[in-house]
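Below is one structure, written out as structure tokens; the observations come after it.
Derivation of every value follows stated rules applied to the coordinates shown; laboratory data play no part. None of the values given here were measured: they were computed from a predicted structure. Cβ coordinates were reconstructed from backbone atoms using ideal geometry, including for glycine residues, and neighbour counts include every protein chain displayed.
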Amino acid sequence: MEVTRVPSILGIAGTILALIGLGLPLFHPAGGSLSSILLGLGTLCLLGYFAFHFRSLTALARTPSTRLGAHSLFSVLLAGIVVALLNFLAAKHAPEWDFSETQNFTLSRQTYQVLRTLPREVNMTAFTHEGSPGYGGYQDLLTTYAKESPLITLTFIDPERQPDKAKEYQVSRIDTVVVESGSQKVYLQRSAEADMTNALLRVTQDTKKRIDFVTGHGEKSLSDTESSGLSRAGDALTKQGYAVGTVDWQDTASHEAAVLIVASSTQAVSSEDQHGISQFLKKGGRVLVMVDPGSDASLDPLITPWGIQLGAGILADEQDRLGRGSPTALLVRTFTTHDITEDFTTPILFPVSRSVSFNPAQGNTWEFVALAQTSPESWEETDLLNPQPEFTAGQDAKGPYTVAGLLTLKSSDQTPQAQSAVLIVGNAAFATNGYLTYPGNTDFFLKAIAWLAQEDALVSLTPKDPAFHPFIPNPSQEQALVFFQVLFLPLLTLCIGLSVWKRRRSL
């Protein structure tokens, strides 16, 4: 081999070895040692190449053009190093400012207090990916939480690429966050600060609040997985960190649960059972009562002493209903400013509901607050056999009607921490397996339980008003939009086009 060909071979071999060494980790992450060896051999070959051409390179360096090129290259490298250092320092130590319209990236004072006083480490695992709808919200919120507390460990997992992890955490839905600490675990499905902060408080406590469903008079079953059952409601409460179970009517008087749920009894409630619930309330208990229209008057002896009266008919609404379905499938959009419903933007689907009214004279020891109401165009349909209810002037009374209301006891013997409360809903189907997956239903059910269970950390956080308010049209608005988009705009464009064409023809 000629000596003059050795430098060229060294240069080519060194370049190839260096490129392979740099690219190997991209295709074979485990081959770190082999990559280092290839880079070392490539560097030796290139050094040998430059040693053979040392004189020519020295002579080249003395020319003005080479000096100018080297100066430019050095300036570019120096500028790149400065930019890289500034970016590194900014990522590690730069202050942050929130210029958003509604301060969405600034945590509340209560959340900062919770983060500063965390008693132990918390793991947050977000099952999401960049293409999912909730990724951006989780990325902004959870990153802020992790920055504010060294006890929080944040991990993002793509459940499509790591299905084994999703199966391990029993996650079946995208955009789910699992907050865990010790043996406690809470599942969240939205990037809301109140929910995240409340989850931190729950998982750092060793005791769980108990939520029990009352059984014994034909109530909807917690173990029923059919569309009319409450198995999903039980799972949702369990994933929120509650201990969920059942209790017989006869045992309610001495029960120690945080909340009792009566899910539409279909059999008459005895006086002994009523006494049990009354005793539970006297101890500062909280009760959620859901009554379907088909439950007849089985719960009337229980709720009448509280001043509650349920409508005899079924509520119907042509304005706020589910798409083009029956007007009895209510989409309730009107809420009060109570802690339970003050931040609601998604309507609640109440299928086949009864109205809830309060008689102050009869329930003079209770205070009543309407939480959810139908629109002024709603009415109470008394003809229960009519499959397509229609408003009859002079016979049917117009709304609005209350479909969910809250009773709180006025008694001065109870402290605010042990104040009795009863939440009455004129519909139980909204919490069943067939309807709980509707977003508004899930939010209302879980928020109601959280308030009744006195989860003060959740309800005390003032939610931020989003800058973007989604528009959910009612049926009449849908018809107007269809007419405007499908008929009016195309006809207007056609008329303008014909007018322009005719005018140009006349020129």
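Relative contact order for the stretch 109-188: what percent, with Cα pairs under 8 Å and sequence separation of 6 or more? Write down the numbers at each step before the final one.
Working: 107 pairs, mean separation 30.9, N = 80.
Reported relative contact order: 39 percent.
Arrange the following residues from fewest to most other Cβ atoms within 10 Å of their Cβ: 290, 124.
Working: 290 26, 124 23.
Lowest count first: 124, 290.
Summing +1 for each Lys or Arg and -1 for each Asp or Glu, what net charge is found among the other residues whose Cβ lies under 12 Å from the Cβ of residue 432?
Taking every other residue near residue 432 into account, the sum is -2.
Return the distance in nm (one decimal) between the two label points of a simple spin-label model at residue 168 and residue 501, each offset 7 Å from Cα along Cα→Cβ.
6.6
Under a Cβ-only charge scheme (Lys and Arg +1, Asp and Glu -1), can you give me the dipole magnitude of the stretch 168-252 about the Cα centre, in debye to the nearest 20? Write out the running numbers ahead of the final one.
Values: 10 positive and 13 negative charges, 41 e Å.
Using Cβ point charges on Lys, Arg, Asp and Glu, the stretch 168-252 gives about 200 debye.
Taking 7 Å along the Cα-to-C-beta vector as the label spot, tell me the residue 304-residue 8 distance in nanometres, rounded to one decimal.
For the pair residue 304/residue 8, the computed spacing is 10.9 nm.
Pick out, from 124, 111, 152, the residue whose Cα sits farthest towards the positive end of the charge dipole of the stretch 109-188, with +1 on the Cβ of Lys and Arg and -1 on the Cβ of Asp and Glu.
111
For residue 229, enumerate residues with amide H under 5 Å from its amide H, sequence gap 5+ or separate chain, H modeled in the peptide plane.
Those lying under 5 Å, H to H, from residue 229 are 433, 434.
Which order do 56, 36 fall in if you start with the one that has the fewest other Cβ atoms within 10 Å? The partial results should precede the final answer.
Details: 56 9, 36 12.
Listing 56, 36 from fewest to most nearby Cβ atoms yields 56, 36.
Roughly how many nanometres apart are two label points built 7 Å out from the Cα toward the Cβ at residue 267 and residue 87?
Each label point lies 7 Å from its Cα, and together they span 7.1 nm.
Fewest Cβ neighbours within 10 Å first, please rank 193, 390, 377 accordingly. Show your work: numbers first, answer last.
Values: 193 20, 390 12, 377 17.
Listed from fewest to most nearby Cβ atoms, that is 390, 377, 193.
How many angstrom separate the Cα center of the stretch 482-507 from the Cα center of the stretch 213-257?
Taking the Cα centre of each part, the stretch 482-507 and the stretch 213-257 sit 62 Å apart.
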